[in-house]
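Input: a single structure, listed below in structure tokens.
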Amino acid sequence: TAPVFDRVVRTAGDVTTTSTTLVDLTGATVTITTGAFPVAVGAAQVYRNSVNDLGHFNVDVDGTLIIGTSGLRSYADGADRSIMLCFSTLTAVLTAAAHTLKEQWKVASGTGTIEANAAVPHTFWAHEIR
């Protein structure tokens, strides 16, 4: 059987958060039915913060975080300056079943923004590795 994959591409409407605890990034959720294999997952996105502070990004698989408790962190490059922020990671071997994968994020302070428009889309993807 061929590996399964899915992606979501957001092209209309930036996403913002002021949350200092991890929350789902709106529109960045996929559900795939896998065999007993790991899944590569990642995002391609443009991030900025209103006060030049940390943003943290993680992946939730069926309710379990896979990049530590806070996730990967990134500094903005000055207040309200956009940076390309891409990441990828690999899950452990999953059970043969349907799995929901979500990108989550938080800020240390300020307002974090993920840009999402026709010129600068946000992409979140998952691909089973066989």
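From the list Thr33, Thr21, the one residue that fits, being β-branched (Val, Ile, Thr), over 16 Å from Asp77 (Cβ atoms) and either in contact with a Ser or Thr (Cβ under 6 Å, 6 or more places away or on another chain) or in a loop (DSSP other than H, G, I, E, B) (or both), is Thr21.
The sole residue among Gly112, Gly78, Gly71 that is over 18 Å from Asp14 (Cα atoms) and buried (at least 20 other Cβ atoms within 10 Å of the Cβ) is Gly71.
Residues in the range 20-47 that are small (Gly, Ala, Ser) and surrounded by 13 or more Cβ atoms within 10 Å (Cβ to Cβ): Gly27, Ala28, Gly35, Ala40, Gly42, Ala43, Ala44.
Right, Ile83: farther than 15 Å from Glu115 by Cα and either modelled with pLDDT under 95 or open to solvent by less than 60 Å² (accessible area, probe 1.4 Å) (or both) or not? Spelling it out, it is not the case that Ile83 is farther than 15 Å from Glu115 by Cα and either modelled with pLDDT under 95 or open to solvent by less than 60 Å² (accessible area, probe 1.4 Å) (or both).
The strands (runs of 3 or more DSSP E) falling completely within the range 66-130 that include 2 or more residues that are touching a Gly at 6+ places or on another chain (Cβ under 6 Å) map to 83-90. Being open to solvent by 40 Å² or more (accessible area, probe 1.4 Å) and part of a loop (DSSP other than H, G, I, E, B), is that true of even one residue in the range 55-65? Scanning the range 55-65, I find at least one residue that is open to solvent by 40 Å² or more (accessible area, probe 1.4 Å) and part of a loop (DSSP other than H, G, I, E, B), so the answer is yes.
Collect the residues in the range 92-125 that are under 14 Å from the mean Cα position of the chain (by Cα) and not hydrophobic (A, V, I, L, M, F, W, C), keeping them in residue-number order. Quick ask: steps written out before the conclusion?
Our first condition is that a residue be under 14 Å from the mean Cα position of the chain (by Cα); within the range 92-125, this holds for 100-107, 112-116, 121-125.
Hits for the range 92-125 are Thr100, Lys102, Glu103, Gln104, Lys106, Gly112, Thr113, Glu115, Pro121, His122, Thr123.
Taken together, the criteria place Val51 among residues that are farther than 24 Å from Thr11 by Cα, among the aliphatic types (A, V, I, L, M) and modelled with pLDDT under 95.
So, of the residues in the range 3-18 that are assigned to a loop (DSSP other than H, G, I, E, B) and surrounded by 14 or more Cβ atoms within 10 Å (Cβ to Cβ), which turns out to be modelled with the lowest pLDDT? By that ranking, first place goes to Pro3.
The values are calculated or read from the model by the stated rules, or taken from the named source; none is laboratory data. This is a predicted model, so every value here is computed, not measured. So basically every Cβ, Gly included, is an ideal-geometry build from the backbone, and we count neighbours across all protein chains shown. Surface accessibility is based on the protein's heavy atoms, side chains included, excluding ligands, DNA and RNA. Shrake-Rupley method; radii C 1.70, N 1.55, O 1.52, S 1.80 Å.
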